[in-house]
Structure formats: C-alpha cells, structure tokens
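The values are calculated or read from the model by the stated rules, or taken from the named source; none is laboratory data. Bear in mind that the values here come from a model prediction, so they are computed numbers and not experimental data. Glycine gets a Cβ as well: all are built from the backbone with ideal geometry, and neighbour counts include every protein chain shown. Calculation scope for accessible area: heavy atoms of the full protein, side chains included, ligands and nucleic acids excluded. Shrake-Rupley method; radii C 1.70, N 1.55, O 1.52, S 1.80 Å.
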Amino acid sequence: MTGMLRAALVLAMIATPALAKEAAISSKPIIIAHRGASGERPEHTLAAYTLAIEQGADFIEPDLVVTKDGQLVARHENDITGTTDVSSRKEFAERKRTKLIDGMSHTGWFTEDFTLAELKTLRAKERLPLLRRGNTKYDGQFEVPTLREIIALAKDASAKTGRTIGIYPETKHPSYFASIGLPMEALLVAELKAAGWDRADAPMFIQSFEVNNLKALKQLTPVKLIQLMAAEGGPADKTHPSYAAMATADGLKAIAAYAAGIGPHKDMVVTGDGTVSSLVADAHGVGLKVHPWTFRAENYFLPSRLRKGINPAGHGDMAAEIARFLDAGVDGLFTDYPYAGVEARDRHSRRPAE
Ligand code: G3P
Ligand code: CA
C-alpha cells in the first residue's frame, strides 16, 4: 500500500463514523462462560471456571455476594441453600433464617451470616440435578471460591495459554448488601486494585441489574460497566419503572453515560419465534456493546422450534440459536456451554461474506 493510499484510508476512517462503527461491530464476539462451564460442572466453582477456560471461553463469569467478614465470593445468590451442602451441616442448623431480599421472602442459609473461613468448610452441589444429572457426581467436591482466587485463576491461565482470559463479575443484590452494612462496591474495587486490574483496559467487565451501584462504580473505577436487563420487571433499586423503559432509545442513551454496554435477556434481542428486535442496532447507535444471556443447550431452556426430542434434559440446537444472535450483531454472549459457544462463534466468523 502506498503512503498516499494509506493516508487516504486513514482520513476516510476518521471522516466516516459509519466505517469506524462497522469495524467495531465486526470484531470477534466474546464468549462468556456463565457461572463457569456450568452445564458440565457445579456452577461457580474453580472446576467450572477451569473447564470453561480449557474450552476456549474469553471471559469467566462470577456472580458475587458478600460474607459476614466482608469477603467477595462467587455464588448466584446470597441464599446458599440450593448450591451448597449447608442444609446437611448440623453445626450450622441454627443459622437458618427468613429474609426479605429485593422484595421477596427467602428461607435458608445466607452468605452474610458466615465468615469466609466457615463458608470454606462447605462444598458446592449442582443446582439443577434433574436437568444436569451428570454434574451431581461432583457434589461435595468443590469449595466456594473467592473473587481473589478467581482472578488468580484467570491470570495463571492467561500466562499458561498465551490467551487473555478475562473475568466478568456481577454484583448481586447490591442495595440489599448496602442495607445490611456490607456495601459491595468498595470491596470490589479494592480487590481489583490489589490485582492491578483497576484500569480501563483490564480484561474485565462489571455487571449489575441495579443502576445506582453501577453509577457509583463509575465514580470509583475506570473498569468497563455493563447494565443488565431482564425481560420483565425493573431494577431492584427502583430507578426506573421497567427494563423495557431502559431499552428504549432514550433509555439506552442514558445508560451510555455510565456503561460500556448492556446485558439483556436474550428474548429482548431475538424473540422465541426468531424475530430480531431493534435493540442491538439501537444500542450500537449510542456506542453500547450488547452481551445477551443465557444460552443453554437443554431443551428445557430452548424455544420449541430448536428442541430435539421431548426430554427436557436432552440437548437441542443451541448452535442455531447462537448463530441467529450472531447474525443479529451481538458483541458477545453468556453460555453455560462455552465449548459450543466458541464453536458456533468461530463457525460464524468463517462464513462466507454475503
Ligand atoms: O449476568 C448475566 C446473567 O448471568 C444474568 O442472570 O441470573 O444468571 O445472574 P443470572
Ligand atoms: Ca450473572
């Protein structure tokens, strides 16, 4: 390429926003291992994250909750009844409680009533034993990991593989934890600082279904933030009447002031009958990345047109579902089956240009 041609191309890129935007959108979509390779190992265990990394995931996703002594650990919710052996542990029987969390009553055992040392004596178990029977053979084997251990795992794996393995933590129930004197945001930023990841180009995103804690994080850290959205309802911190309102053009513009992207429920991007909404285009129009959740192979979770057979635990055509979303232009996606996500993404990127 001659110097003059190169200069002309650079000028065209600068002068034509559409060109620059197209380049960003066509970059490789990221595969986020949802709770690790949670289709094949009990979720949120180092074993699940390790398998996800071996399967080629770009990011591993820990949902974060807080212990009594202010440590961040990976669990999908602070109620650990369904994902650990706590209910069978006699020494913790009197810790059973009923609590109101985000407006809903929960009865069980909660991370905020355990020190990290106590939590470490528990062992993880499969959340969905009826759908993922094969995973139950790992019940009782793995600890509840800390955020620090997960960051160390990602760094170690990056060094060993030569790939960059990122983390994609979600702050769970941030308003609730603040209300009981265990605010999460400063704890998270302190962990990132200790890891040297409190920077804009750190291999990570921080996600939340709430709004105010993302805005608070925006003031505390340059790490990229993702606004999660559910298909129904609205944020627990009541900043908006609904996620649907947040997904409008005005809503997305407001999100772009504090976040780098959105993590919508997949039905907000492609409906069950395969219709593509305007959400990806609208979000890209205001510079937001789009990372929908959650792609699961079991018939139980797939739209009827993609199921194979009638066994809810049988696997349907998740690859076709993912391809549809990649066609729609998503920038990444959360999946319980990272190997299949990577395979579908790579197949899609090799397809002939239309
Ligand atoms: O964080 C994306 C997705 O994981 C949100 O749903 O309930 O699986 O944390 P959940
Ligand atoms: Ca999550």
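List of remarks:
Residue-by-condition table, conditions (1) within 16 Å of ligand 2 (Cβ to nearest atom); (2) farther than 22 Å from D102 by Cα; (3) in contact with a helix residue (DSSP H, G or I) (Cβ under 6 Å, 6 or more places away or on another chain):
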| position | (1), (2), (3) |
| --- | --- |
| I31 | yes, yes, yes |
| R35 | yes, no, no |
| P42 | yes, yes, yes |
| A52 | yes, yes, yes |
| Q55 | no, yes, yes |
| Q71 | no, no, yes |
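- Some residue of region 117-137 being without any contact (Cβ under 8 Å) to a residue 60 or more places away in the chain, touching a strand residue (DSSP E or B) at 6+ places or on another chain (Cβ under 7 Å) and within 16 Å of ligand 1 (Cβ to nearest atom): no
- Taken over region 239-268, the criterion of being β-branched (V, I, T), open to solvent by less than 20 Å² (accessible area, probe 1.4 Å) and away from ligand 2 (no atom under 16 Å from the Cβ) is satisfied by I255 alone.
- Within the option set Q207, Q219, being of a type outside the set (F, W, Y), at pLDDT 95 or above and within 16 Å of ligand 1 (Cβ to nearest atom) holds for one residue only, Q207.
- Answer residue from region 194-219, given it is farther than 18 Å from K172 by Cα and not in a loop (DSSP other than H, G, I, E, B) and is least open to solvent (accessible area, probe 1.4 Å) among those: A195
- Some residue of region 284-305 being of a type in the set (G, A, S), assigned to a strand (DSSP E or B), in contact (Cβ under 8 Å) with a residue 60 or more places away in the chain and open to solvent by less than 60 Å² (accessible area, probe 1.4 Å): no
- Criterion applied to I101, I80, I32 was being under 18 Å from the mean Cα position of the chain (by Cα), β-branched (V, I, T) and at pLDDT 95 or above, and the one residue passing it is I32.
- Of all residues assigned to region 176-190, at least one qualifies as being in contact with a strand residue (DSSP E or B) (Cβ under 6 Å, 6 or more places away or on another chain) and either over 18 Å from R75 (Cα atoms) or away from ligand 2 (no atom under 16 Å from the Cβ) (or both).
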